[in-house]
Amino acid sequence: MKINFTRIDEMIAISDSLQKPLSSVILEFEAQRSERPQNEIWTDMKASLKVMRTAINEGLAQTDKSFSGLVGGDANRLINKINNSPGLTGSISAHAAAYALSVSEVNASMGKVVACPTAGSCGILPGALLAAGEALDADDDDLVRALFTAAGIGMVIAENASIAGAIGGCQAECGSAAAMAAGAITDMAGGTPQQVSHALALALKNLLGLVCDPVAGLVEVPCVKRNAFGAVHALLAAEMALAGIESVIPSDEVISTMHQIGLSMPRALKETSEGGLAKTPTAISITARLQAGKPANL
């Protein structure tokens with residue numbers, strides 16, 4: 001059977017009709033689209049998982065600041081806090097946040113990450129997914145299958161909206177990443193394809209309108225910490241969907257809405273650093289210092 005979809009509801013309909021998990025449908029779709037063997041594609045995704053896990057471990061141990069001096073060491077601070085005292089948000093959420101921070105800090109220090117879907121939002125999916133995987137005792141195969149589910153969601157969003165901050169604002173980057181993570185975690189936890197759809201809709205619709213306003217044009221502030229919040233956001237969306245909570249607005253309509261909001265968003269709030277946090281007095285001072293070749297001096 002030729003598999004083709006451009007919408008979430010089409011993806012779910014194929015899963016239902018073939019009685020196959022979403023991850024299997026997406027893997028088969030990619031094999032047909034790329035004309036590559038499924039085992040080769042699986043191996044590539046497993047390699048991506050390895051990169052994600054390595055970035056988490058490197059970031060948790062990292063204490064140095066980035067070249068700009070704006071970020072660095074926060075993942076280490078958070079994981080030490082989690083390990084030494086009870087947290088306020090619960091172990092899974094706290095670990096997801098720490099992992100997301102770690103990957104984003106590795107990205108800011110020019111380390112190797114997986115853009116999922118972008119470098120600016122690279123911490124959300126691995127942070128949330130690996131923290132949830134630890135709680136669920138998931139093995140690598142479970143995590144790889146979840147990554148295929150995430151990839152299918154990301155493909156649909158890219159097809160019908162955008163994953164680029166320069167086009168849609170940060171809703172297109174961190175919002176899409178949170179949707180991908182929420183859907184993937186729901187699938188890995190045994191949720192139905194319909195629950196996967198509700199999870200991604202819940203995650204994405206509550207990040208609609210999120211602007212892209214990087215200080216000094218760097219993918220550091222507010223991007224790195226925003227990844228931590230996005231990871232926790234994804235976990236909550238998955239938890240709600242698995243409890244049977246539904247999004248009143250269907251996922252495909254949420255994706256379409258994100259696209260329309262992105263088109264309506266001022267240029268100043270789409271990665272140009274001409275508005276938002278990038279134009280606060282502190283950000284202007286930081287930008288001036290960096291342009292003069294001096295450290296941010298935070």
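Miscellaneous remarks
- DSSP loop trypsin sites (Lys or Arg not before Pro) with at most 14 other Cβ within 10 Å: longest gap in the chain: 113-298
- Across Lys205/Lys270; Lys81/Lys225; Lys205/Lys279, pairs whose alpha-carbon gap is larger than 20 Å: Lys205/Lys279
- Taking the longest Cα principal axis of the chain as reference, the axis of helix 38-61 is set at about 30 degrees.
- Residues whose amide H lies under 5 Å from that of Leu210, counting only those 5 or more places away or on a different chain, are Gln171; hydrogens are built 1.01 Å from N in the peptide plane.
- Spatial offset of segment 52-70 relative to segment 121-158 amounts to 21 Å, using the alpha carbon center of each.
- Folded to 0 to 90 degrees: helix 176-188 orientation relative to the chain principal axis, Cα: 40 degrees
- The label-point distance for Lys2 and Gln194, in a model that sets each label 7 Å from Cα toward Cβ, rounds to 3.0 nm.
- Straightening the chain between Thr54 and Ser17 buys 9.6 nm, computed as 0.36 nm per residue apart minus the Cα-Cα spacing.
- Cβ-based charge dipole, the chain, positive-most Cα from Met188, Ser247, Ile284: Ile284
- Distance from the C-alpha centroid of segment 206-228 to that of segment 75-96: 22 Å, rounded to the whole angstrom.
- The phi torsions of segment 154-161, fed into the Karplus equation with coefficients 6.51, -1.76 and 1.60 and a -60° offset, translate into couplings of x, 4, 5, 5, 5, 6, 10, 9 Hz, rounded to whole numbers, with Gly and Pro shown as x.
- Top positive-direction residue, dipole computed over the chain with Cβ charges, set Ala199, Ile3, Pro37: Ala199
- Karplus-derived 3J(HN,Hα), 6.51/-1.76/1.60, for each residue of segment 29-36, Hz, glycine and proline x: 4, 5, 5, 5, 5, 8, 6, 10
- Each stretch of four or more DSSP H residues adds -39500 (n - 2.57); spread over every residue of the chain, this sum gives -20000 deg cm²/dmol at 222 nm.
- Rounded to the nearest 20 debye, the dipole magnitude of the chain is 1020 debye, with +1 charges on Lys and Arg beta carbons, -1 on Asp and Glu beta carbons, and the Cα centre as origin.
- In the chain, the longest principal axis of the Cα atoms and the axis of helix 251-264 are about 30 degrees apart.
- Selected from Gln38, Gln62, Gln194 as most flexible by GNM, with the chain as the system and alpha-carbon contacts under 10 Å: Gln38
- Of all lysines in the structure, the ones whose alpha carbon falls short of 27 Å from that of Lys2, not counting any fewer than 8 places away in one chain, are Lys20, Lys46.
No value in this document is a laboratory result; all are computed from the given coordinates. Bear in mind that the values here come from a model prediction, so they are computed numbers and not experimental data. Using ideal geometry, Cβ is built from the backbone for each residue, glycine included, and neighbour counts are taken over all protein chains shown.
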